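Comments concern the structure below.
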Amino acid sequence: MEAIHVRDLNKEFVFNEGKIFKKKNKKVQALKNISLDVKKGETIALIGPNGAGKSTMIKILTGILNPTNGIATVCGLCPWEKRKELAFKIGTVFGQRSQLSFHLSARDSFVLYEKIYEIEHDVFQNRLNRLIKLFEIEEFIDQPVRKLSLGQRMRCEIISSLLHNPEIIFLDEPTIGLDVVAKRNLRDILRNLNKEFNTTIFLTSHDTGDIEALCERTVIINEGEIVIDQKTLDLKQTYIKKKKLYVRFSKPTEFKNGDGVNVLDKNEFDVTLEMDLEKVNFKEFLEKIVSTYDIADINIEDPSLEEVITSIYEKK
Amino acid sequence: MKRNNSFLKYISIGFWSVKEVFMYPANLLGRLAIYIIRILAFGWIYQSLFKINPSVSEITAVDAVWSLSFVQLVYQSSGHVFNEFQNDVKSGNIATQINKPYNFLYSKYAKLFISGIFKFIIFSIATVIVLIPVFGVPDITFTMILAVIILCLLGVMLNILVECCIGMLAFWIEETGPVYQVFSRLAWLFNGTFVPVAILPEWMKIFSLIYPLGIPFVVGRIFEDSFNTVFIIVILLLWIILFFVINNLMFKNANKRIAIHGG
């Protein structure tokens with residue numbers, strides 16, 4: 001069953017520009033004919049440069065914004081027409097905004113969400129206890145939210161969006177501002193959540209680490225249009241045009257640039273090469289240098305997903 | 001999952017906001033201190049003015065002090081709530097509230113009204129403790145006390161609705177502060193914040209009844225002989241219904257105008 005179904009979705013923002021008596025309406029097409037299907041239990045990343053339309057898309061799917069035209073269903077409901085009903089089935093986390101009371105403890109906010117989401121008390125208690133353990137927040141659950149670190153607050157934010165056991169969780173830049181350890185922990189938790197509860201994860205992020213760690217599918221959006229929609233693993237294979245090769249020789253060796261092979265760095269025992277895969281057959285090249293030189297060690301490195309995505313943005 | 005009564009949901013939101021109010025007791029005590037200083041200062045000013053003429057427009061100095069405190073009670077319990085909407089719209093925080101399983105507008109009412117009632121109770125107790133020993137008891141019956149409580153609570157409710165209406169303008173004009181300033185300063189002239197309404201000229205008294213930012217504070221006129229409590233309650237209820245409808249229509253339209261960019 002499809003968790004999300006979108007067809008020909010458009011969103012146009014109208015802004016006033018100019019001074020009081022010379023106002024002009026400026027129209028910005030934030031989304032252009034977006035069509036997308038997401039299966040239940042799928043983990044999907046929606047990425048793109050700033051202003052690409054990612055947040056607009058997530059806000060339409062969660063019922064916050066109305067589209068200009070087009071069709072969308074989330075858990076079988078039209079988000080902007082059935083906002084309240086849909087709220088029971090989805091969870092949302094906006095990395096740059098908080099849904100917890102800044103002044104009260106996280107537990108106080110959770111108790112309020114028990115009432116708002118109309119959860120039976122016993123069910124709520126069991127679920128909260130489980131989430132407290134999973135997210136390891138026992139130590140600070142009773143502290144005012146304003147005194148929590150960003151990483152601690154984000155864990156509480158995610159718990160507040162999971163209390164009603166949503167079918168889909170929408171995360172808009174959930175790891176923004178977190179340190180490396182906090183990011184890794186959060187990704188582990190989300191991965192477990194998907195495995196344990198089959199919760200569909202819909203994520204937007206500028207952090208390619210989030211995408212690689214969490215999402216089996218990546219949709220790249222630019223200027224309001226979907227430019228790429230494929231498996232995250234395939235994305236690298238399709239768009240990798242260069243590879244780096246580190247070679248350590250057993251004895252001093254001279255190595256020169258060749259057609260499609262660029263020497264980036266060298267000394268008498270080591271050389272770092274960059275190969276243009278459109279000009280060089282990687283397998284043949286590797287066989288050739290192994291048979292030609294006396295090699296002590298070889299290390300092959302693919303460009304990072306970040307480099308792949310940067311090159312895609314630049315081309316589009 | 002069991003679906004509870006929506007009314008209970010809004011009550012919970014209201015009590016949660018009360019908890020927020022009591023989270024910073026220093027803020028509340030500060031406001032309380034300023035309120036007491038203000039009514040004492042005005043009380044003493046009225047006392048010296050009424051020494052020249054002991055009964056201006058049928059009311060005494062003690063009545064004037066108490067009527068000022070009633071007006072202040074309504075203001076302290078419901079004033080400046082337009083900021084709630086404006087801040088949510090301008091900061092984009094509305095995004096985290098609008099996609100919850102409740103009516104955003106009613107959740108705001110619940111939050112503001114229930115916390116307003118708590119503030120009203122606290123400020124009323126302080127008023128009684130301070131004003132009785134300093135200025136004495138006004139000429140008031142038990143029925144009038146009941147009327148004061150009803151008029152104050154209806155005033156709080158109406159003022160919240162009116163200020164929410166101004167706050168909601170943020171969907172169209174973003175900065176609603178100037179609008180509030182213009183209307184609230186005008187209201188202060190007619191609602192008895194500085195001058196008891198009883199001593200205002202007749203046309204100003206009529207204006208105070210038809211001015212939506214002045215009418216919530218009509219309780220300040222309770223000591224006038226011509227004050228008809230039932231008639232005033234009906235007028236307040238009509239204003240409440242009118243602003244309830246206006247706000248619903250505005251919010252319905254505003255919903256389509258929500259534009260939250262980035263993040």
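The values are calculated or read from the model by the stated rules, or taken from the named source; none is laboratory data. As the structure is a prediction and not an experimental result, all values here were calculated from the model. With ideal geometry, Cβ positions are generated from the backbone for all residues, glycine too; neighbour counts draw on all protein chains shown. All accessible areas refer to the heavy atoms of the entire protein, side chains included, with ligands and DNA or RNA removed. Shrake-Rupley method; radii C 1.70, N 1.55, O 1.52, S 1.80 Å.
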Quick one: which residue in A:ILE169, A:ILE211, A:ILE141, A:ILE159 is surrounded by 19 or more Cβ atoms within 10 Å (Cβ to Cβ), assigned to a strand (DSSP E or B) and of a type in the set (A, V, I, L, M)? A:ILE169
Could you identify the single residue in A:ILE176, A:ILE201, A:ILE220, A:ILE228 that is in contact (Cβ under 8 Å) with a residue 60 or more places away in the chain, open to solvent by 20 Å² or more (accessible area, probe 1.4 Å) and among the aliphatic types (A, V, I, L, M)? A:ILE176
In the stretch A:162-189, residues that are among the acidic types (Asp, Glu) and in contact with a Ser or Thr (Cβ under 6 Å, 6 or more places away or on another chain) total 2
Where a residue in the stretch A:245-265 is within 11 Å of A:ASP297 (Cα to Cα) and modelled with pLDDT of 85 or more and its partner, wherever it lies, is open to solvent by 80 Å² or more (accessible area, probe 1.4 Å) and in a strand (DSSP E or B), with Cβ under 6 Å and at least six apart: A:TYR246/A:ASN299; A:ARG248/A:ASP297
Given the conditions (1) aliphatic (A, V, I, L, M); (2) outside any strand (DSSP E or B); (3) under 30 Å from A:GLU314 (Cα atoms), every one holds for A:LEU36 apart from (2)
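Just to verify a result, which residue in the stretch A:33-53, among those that are hydrophobic (A, V, I, L, M, F, W, C) and farther than 20 Å from A:VAL14 by Cα, is surrounded by the fewest Cβ atoms within 10 Å (Cβ to Cβ)?
A:LEU36
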Quick check on my filter: what residues within the stretch A:93-129 are open to solvent by 70 Å² or more (accessible area, probe 1.4 Å), within 7 Å of chain B (Cβ to nearest Cβ) and part of a helix (DSSP H, G or I)? A:LYS115
So which residues in the stretch B:114-155 are within 16 Å of B:GLN72 (Cα to Cα), open to solvent by less than 50 Å² (accessible area, probe 1.4 Å) and among the aromatic types (Phe, Trp, Tyr), if there are any at all? B:PHE120, B:PHE123
Which residue, of B:PHE50, B:PHE104, is away from every other protein chain (no Cβ under 14 Å) and either under 24 Å from B:VAL245 (Cα atoms) or open to solvent by less than 20 Å² (accessible area, probe 1.4 Å) (or both)? B:PHE50
Considering residues that are facing chain B (nearest Cβ under 9 Å) and either in contact (Cβ under 8 Å) with a residue 40 or more places away in the chain or basic (Lys, Arg) (or both), the number found within the stretch A:78-92 is 5
In the stretch A:266-283, anything outside any loop (DSSP other than H, G, I, E, B) and either farther than 17 Å from A:ASN299 by Cα or not polar (S, T, N, Q) (or both) is listed as A:LYS266, A:ASP270, A:VAL271, A:LEU273, A:GLU274, A:MET275, A:ASP276, A:PHE282, A:LYS283
Got a number for residues in the stretch A:286-316 being in a helix (DSSP H, G or I) and either in contact (Cβ under 8 Å) with a residue 24 or more places away in the chain or within 19 Å of A:THR272 (Cβ to Cβ) (or both)? 13
Among the residues of the stretch A:179-193, is there at least one that is in contact with a strand residue (DSSP E or B) (Cβ under 7 Å, 6 or more places away or on another chain) and away from chain B (no Cβ under 14 Å)? yes
With criteria (1) assigned to a strand (DSSP E or B); (2) within 11 Å of another protein chain (Cβ to nearest Cβ), A:LEU31 comes up short on (2)
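Take the residues in the stretch A:54-77 that are of a type in the set (Ser, Thr, Tyr) and more than 9 Å from chain B (Cβ to nearest Cβ); name whichever of them is most open to solvent (accessible area, probe 1.4 Å). Steps first, answer last, please.
Initial filter on the stretch A:54-77 (of a type in the set (Ser, Thr, Tyr)): A:55-56, A:62, A:68, A:73.
If we keep only those that are more than 9 Å from chain B (Cβ to nearest Cβ) too, we end up with A:68, A:73.
On the way: A:THR68: 75, A:THR73: 43 Å².
Only one residue tops the list, namely A:THR68.
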Need the failing condition index for B:TRP44 against (1) open to solvent by 90 Å² or more (accessible area, probe 1.4 Å); (2) closer than 30 Å to B:VAL197 by Cβ; (3) aromatic (Phe, Trp, Tyr); (4) modelled with pLDDT under 90, just the number. (4)
Every pair of residues 6+ apart whose Cβ atoms lie under 6 Å, when the first sits in the stretch B:12-34 and is within 12 Å of chain A (Cβ to nearest Cβ) while the second is among the aromatic types (Phe, Trp, Tyr) and assigned to a helix (DSSP H, G or I): B:VAL18/B:PHE118
Any idea which of B:ALA170, B:ALA254, B:ALA187 is within 14 Å of chain A (Cβ to nearest Cβ) and open to solvent by less than 50 Å² (accessible area, probe 1.4 Å)? B:ALA254
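If a residue has to be touching a helix residue (DSSP H, G or I) at 6+ places or on another chain (Cβ under 7 Å) and open to solvent by 40 Å² or more (accessible area, probe 1.4 Å) to count, how many in the stretch A:81-92 make the cut? Break it down stepwise before answering.
In the first step, residues of the stretch A:81-92 are kept if they are touching a helix residue (DSSP H, G or I) at 6+ places or on another chain (Cβ under 7 Å); the result is A:91-92.
Going one step further and asking which of them are open to solvent by 40 Å² or more (accessible area, probe 1.4 Å), we end up with none.
The number of residues fulfilling the criteria is 0.
Tell me whether the stretch A:130-141 contains one or more residues that are on the phi < 0 side of the Ramachandran plot and within 13 Å of chain B (Cβ to nearest Cβ). Reasoning before the result, please.
Kept after step one, since they are on the phi < 0 side of the Ramachandran plot, are these residues of the stretch A:130-141: A:130-135, A:137-141.
Retained after the next criterion (residues that are within 13 Å of chain B (Cβ to nearest Cβ)): none.
No; the residues of the stretch A:130-141 include none that is on the phi < 0 side of the Ramachandran plot and within 13 Å of chain B (Cβ to nearest Cβ).
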